[in-house]
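Heads up, the thing below is written out as structure tokens.
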Amino acid sequence: MKAFIQCSGLKKTYTVGGEEVKALDGVTLSIEKGDFIAICGPSGSGKSTLANVVGGLDQPDEGSVVVDGIDLAKAKDKALSDYRNKQIGYVFQSFNLQSHETALENVISPLTVAGVGKRSERRERGMKALERMGLSDRAKHKPTQLSGGQRQRVAIARALVNDPQLIIADEPTGNLDSSRGADVINELKRLNADGITLIIITHDTNVAAQAKRIIEIKDGKISERAGAQ
């Protein structure tokens with residue numbers, strides 16, 4: 001059976017301060033549907049680069065990423081855009097919420113940008129996503145009226161609104177205290193239990209330990225160890 005995501009021979013080099021840095025140096029990785037993977041490593045190790053390449057936000061210098069049979073490097077613009085907008089949900093450390101919009105408006109923004117359905121349909125889907133995160137009573141609140149944990153759950157609801165097959169979460173607990181961070185990880189684990197493939201980028205060993213597989217990256221090369229069973 002073919003892997004849901006197959007990364008083969010990925011190479012990516014950046015020039016920083018006149019020096020070449022190998023963010024990815026021949027990375028090969030298979031990800032099955034329903035996997036929960038933590039990509040961990042020190043700052044600048046290449047973990048976010050790997051996630052961005054998998055997410056179609058960046059292109060490798062060499063190698064390929066094939067997702068559900070689609071080679072991202074060979075995909076036409078529309079197919080690549082559809083992949084990013086419809087198959088993937090992104091969760092960021094800084095939440096990336098619009099301060100002047102309500103929680104509901106933030107959640108439905110991917111649907112609005114993609115021109116999905118009528119406004120009433122978008123709002124219905126947004127409310128369902130907020131309800132899934134236990135935030136339906138905060139739909140009209142703006143980010144400044146929410147706690148850090150609530151803002152991150154709004155960001156997760158936004159990632160869910162397109163019913164993605166894959167969620168990529170980049171340091172999702174980085175701006176939260178340990179208690180709220182644990183709540184967010186539990187929410188993500190629950191989504192993974194529902195069948196969503198989950199990739200978390202983290203430098204936190206406690207967060208990484210929650211994953212089924214732990215991919216460690218250093219100097220652009222990966223090694224793997226077993227996570228939670």
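Quick look at the values:
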quantity	calculated
From 214, 222, 199, residue being in a strand (DSSP E or B) and touching a Gly at 6+ places or on another chain (Cβ under 8 Å)	214
Criterion (surrounded by fewer than 18 Cβ atoms within 10 Å (Cβ to Cβ), out of contact with any helix residue (DSSP H, G or I) (no Cβ under 9 Å at 6 or more places or on another chain), of a type in the set (S, T, N, Q) and under 28 Å from residue 208 (Cβ atoms)) met by exactly one of 120, 64	64
Output for segment 22-41, where each listed residue is in contact with a Phe, Trp or Tyr (Cβ under 9 Å, 6 or more places away or on another chain), over 11 Å from residue 218 (Cα atoms) and among the hydrophobic types (A, V, I, L, M, F, W, C)	31
Any chance residue 183 is closer than 28 Å to residue 33 by Cα, of a type in the set (Asp, Glu) and either out of contact with any strand residue (DSSP E or B) (no Cβ under 8 Å at 6 or more places or on another chain) or part of a helix (DSSP H, G or I) (or both)	yes
Wholly within segment 64-156, helices (runs of 4 or more DSSP H) carrying at least 2 residues that are of a type in the set (A, V, I, L, M) and modelled with pLDDT of 90 or more	103-114, 119-132
Residues that are out of contact with any Phe, Trp or Tyr (no Cβ under 7 Å at 6 or more places or on another chain), part of a helix (DSSP H, G or I) and either modelled with pLDDT of 90 or more or under 12 Å from residue 106 (Cβ atoms) (or both), drawn from segment 157-171	157, 158
Residue satisfying all of: in segment 49-107; without any contact (Cβ under 8 Å) to a residue 40 or more places away in the chain and among the hydroxyl-bearing types (Ser, Thr, Tyr); nearest to residue 167 (Cα to Cα) among these	83
Filtered residues of segment 6-24 (kept if surrounded by 14 or more Cβ atoms within 10 Å (Cβ to Cβ), free of Cβ contacts under 8 Å to residues at least 60 places away in the same chain and among the small types (Gly, Ala, Ser))	8
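The values are calculated or read from the model by the stated rules, or taken from the named source; none is laboratory data. The model shown is predicted, which means the values in this text are computed figures rather than measured ones. Here Cβ is always computed from backbone atoms with ideal geometry, including for glycine, and neighbour counts include all displayed protein chains.
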